[in-house]
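Asks: Sharing a structure below in structure tokens format, with a few things to ask.
The values are calculated or read from the model by the stated rules, or taken from the named source; none is laboratory data. Everything numeric here is computed off the predicted structure, so don't read it as measured data. Every residue, glycine as well, gets a Cβ built from its backbone with ideal geometry; the counts of neighbours run over all protein chains shown. Keep in mind that these areas ignore ligands, DNA and RNA; they rest on the heavy atoms of the full protein, side chains included. Shrake-Rupley method; radii C 1.70, N 1.55, O 1.52, S 1.80 Å.
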Amino acid sequence: MLSLIKSSAVLGIDAYIVDVEVDLALGLPMLNTVGLPDAAVKESKERVRAAIKNSGFDFPSRRITVNLAPADIKKEGSAFDLPMAVAILAASNLIPSKTLSRYILVGELSLDGRLKPVRGALSMAVTAREKGFDAVLLPDANAAEAAVVDGIDVIPLASLSQAVSFLRGETDISPRQVDRRAIFLSHKNYDVDFIDVRGQSHAKRALEVASAGGHNLIMMGPPGSGKTMLAQRIVTILPEMSFEEAIETTKVHSVAGKMDGKPLVAARPFRSPHHTISDAGLIGGGAIPNPGEVSLAHNGVLFMDEMPEFKKNALEVLRQPLEDGRVTISRALMSITYPSRFMLVAAMNPCPCGYLGDQNKPCTCGPLEIRRYRSRISGPLMDRIDIHIEVPALKYKELTERPSESSEAVRERVNRARLIQYERFAGRPYFFNARMPNRDIERFAALSEECGKFLEKVMQTLKLSARAYSRIIKVSRTIADLAGDPDITTKHLAEAVQYRSLDRDAI
């Protein structure tokens, strides 16, 4: 007796269809799983056996073979519990097989037959819709997430017995319906606001420029100057996520199991890994690679506090995602690419003790210590950071001054600048200045003769690299967009050059 159930699994952030085939044959009672299952899938046979018995069904005393096709892709996770159990019951003629081909089934079973949530429900629902299936049957805890996808019915299930009753036609379960717009609006709020920041007008201006053009930024200042506070509020002045961006971001978080009960990631992510993180934790890894912090920050901000304290190899793996907007992780069995278009925001002290240039506390570091400390961030990585700013310690007068602008007011200016860039780069694979390739600089950020001479003098004086040259022009283009100016002027270039403070001598 043979049965076939359609299920789904995730590879990267996208899902693919898995055929769960079950054969009941004469022989010693046993259950074998083939098709490159990992340890979690192999262990499912005990969960499936107990769930079937505790749900009131007879477990067949036959030689049972479960095949997961395609057999050349390694299967991981516990999402195959439900389709395996249903396939065994269908092979035992307890479920009519003619209805099964219309559905995708996923879910983890507990020993009493209850269904537990799985990862990647959104990606699975998208694939089910694209492949023309009628509905997705999955745990109730995943239903709201999957129902965000339009054009596919999502059937929420609480247990194996409820799934069997539905497939037999004995129970009618209404598809889960959600108000996508209401979910999107309710989950895009932030707990912090730019109005909380006192003083630091130069730093706030730099953050506005960085947000308008999608530029990477590093802040240098003594402890307690407000670097972390500023970084946490950058996401609040970035343009609000579109629904398409929210879907793509949710896919990454769903695959990583980071949804925290939310059906949709509608607010831009803010990820702040500890400086002890490994390169695998930052970039992603594992036998079957899972997304790392650079992918979890996709469409948002990756904040690296005390950047020189990160391991050197962890910092160096940032080069590919910063340049390409994606990261490829290769293993013996497969190679997976995750999206990683994020805005890098870093913070560091000016020296090991943190008080170089501070008017209140003397610095105890020597010139060699300072150079060694700053050299922990390599030149190639620093060149990929467009904006360098100093964040000095606040004076008492600045602490008592009136609150600054709200995030909403700053975001309005950022949105206007981004709209200019969207129109400028229409039809291209990038849509803001930071991602503009060098070949397009002459076309979209051309310099006048006066600006060219000014920048030439700056390059010679500061001994900047070729990559720093292009970064200055891109930042100048963003400053001009914020001002509503069609052309770059020396005023815009002068401000952009001010944002390259770490290109100068440490002392």
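Asks: If you rank Arg384, Arg376 by how much accessible surface each has, with a 1.4 Å probe, what is the order from largest down?
Replies: Arg376, Arg384
Asks: Going Cα to Cα from Lys312, which lysines come in below 17 Å? Please leave out same-chain ones fewer than 8 positions away.
Replies: none
Asks: Is region 92-200 best put as rounded, prolate or oblate by its Cα gyration tensor, with a ≥ b ≥ c the root eigenvalues, rounded for a/c under 1.5, and otherwise prolate when a/b is larger than b/c, oblate when not?
Replies: In terms of gyration-tensor shape, prolate.
Asks: When the convex hull of the C-alpha atoms of region 144-254 is computed, what volume per residue in Å³ does it have?
Replies: Each residue corresponds to 150 Å³ of Cα convex hull volume.
Asks: Ranked from the most accessible area to the least, with a 1.4 Å probe and all protein chains present, what is the order of Leu28, Leu36, Leu368?
Replies: I get Leu28, Leu368, Leu36, largest accessible area first.
Asks: Ok, one more. Calculate, for Ala182 and Asp487, the FRET efficiency according to 1/(1 + (r/R0)^6) with r their C-beta to C-beta distance and R0 51 Å; round to the nearest 0.05.
Replies: The value I calculate is 0.70.
Asks: With a 1.4 Å probe and all protein chains left in place, how much of the accessible area of region 136-176 comes from carbon and sulfur atoms, in whole percent?
Replies: About 38 percent, which is the carbon plus sulfur part of the accessible surface.
Asks: Using a 1.4 Å probe on the protein chains only, how many percent of the accessible area of region 412-460 belongs to carbon and sulfur?
Replies: Roughly 51 percent of what the probe reaches on region 412-460 is carbon or sulfur.
Asks: Now a separate question. Please report how far the C-alpha centroid of region 237-261 lies from that of region 311-326, rounded to the nearest whole angstrom.
Replies: Each part's Cα centre sits 21 Å from the other's.
Asks: Another question, if that's okay. Principal axis lengths of region 404-507 from Cα atoms, whole Å, largest first?
Replies: Projected onto the principal axes, the Cα atoms of region 404-507 cover 38, 36, 24 Å.
Asks: For region 53-128 and region 437-507, what is the separation of their Cα centres, given in Å?
Replies: 59
Asks: Further, regarding this structure: Probe 1.4 Å, all protein chains in place: accessible area of Ser330 in Å², nearest 10?
Replies: 80
Asks: Could you tell me which Cys residues in the chain have no other cysteine's Cβ under 4.7 Å from their own Cβ, answering none if every one has a partner?
Replies: When partners are defined as cysteine Cβ atoms under 4.7 Å apart, the chain leaves Cys353, Cys363, Cys451 without one.
Asks: Roll a 1.4 Å probe over the protein heavy atoms and report the accessible area of Glu309 in Å², nearest 10.
Replies: Counting only protein heavy atoms, the figure is 80 Å².
Asks: Largest first, how would Met1, Met459 line up by accessible area (1.4 Å probe)?
Replies: Met1, Met459
Asks: Next up: With all protein chains present, calculate the accessible area of Arg319 using a 1.4 Å probe and round the result to the nearest 10 Å².
Replies: 80
Asks: For region 1-155, what is the relative contact order in percent, using Cα pairs closer than 8 Å and at least 6 residues apart in sequence?
Replies: Across region 1-155, relative contact order equals 27 percent.
Asks: Mean projection of the alpha-carbon convex hull of region 294-448 over all orientations, in nm²?
Replies: One quarter of the hull surface, i.e. the mean projection, equals 14.2 nm².
Asks: So, one more: In nm, give the distance between the simple-model label positions of Met229 and Arg416, each being 7 Å from the Cα along the Cα-to-Cβ direction.
Replies: 2.8
Asks: To the nearest 500 deg cm²/dmol, what mean residue ellipticity at 222 nm is calculated for the chain from DSSP H runs of n ≥ 4 alone, each contributing -39,500 (n - 2.57), summed and divided by the residues?
Replies: When only DSSP H runs of four or more count, the value is -11000 deg cm²/dmol.
Asks: Once you have a ≥ b ≥ c as the square roots of the Cα gyration tensor eigenvalues for region 159-203, tell me rounded if a/c is under 1.5, and otherwise prolate or oblate according to whether a/b is larger than b/c.
Replies: The shape class here is prolate.
Asks: Next question. For the chain, what is the accessible area per residue in Å² when the probe is 1.4 Å?
Replies: Value returned for the chain: 44 Å² of accessible area per residue.
Asks: Under the classification rounded if a/c is under 1.5, otherwise prolate if a/b is larger than b/c and oblate if not, where does region 330-412 fall, given a ≥ b ≥ c as square roots of the Cα gyration tensor eigenvalues?
Replies: oblate
Asks: Taking 29 Å as the cut-off for C-alpha to C-alpha distance, list the pairs among Lys131/Lys262; Lys397/Lys453; Lys42/Lys251; Lys311/Lys457; Lys116/Lys311 that go past it.
Replies: As for pairs spanning more than 29 Å Cα to Cα, those are Lys397/Lys453; Lys311/Lys457; Lys116/Lys311.
Asks: What distance in nm separates the simple spin-label points at Ser278 and Asp440, each placed 7 Å from Cα in the Cβ direction?
Replies: With each label point 7 Å from Cα toward Cβ, the separation is 3.8 nm.
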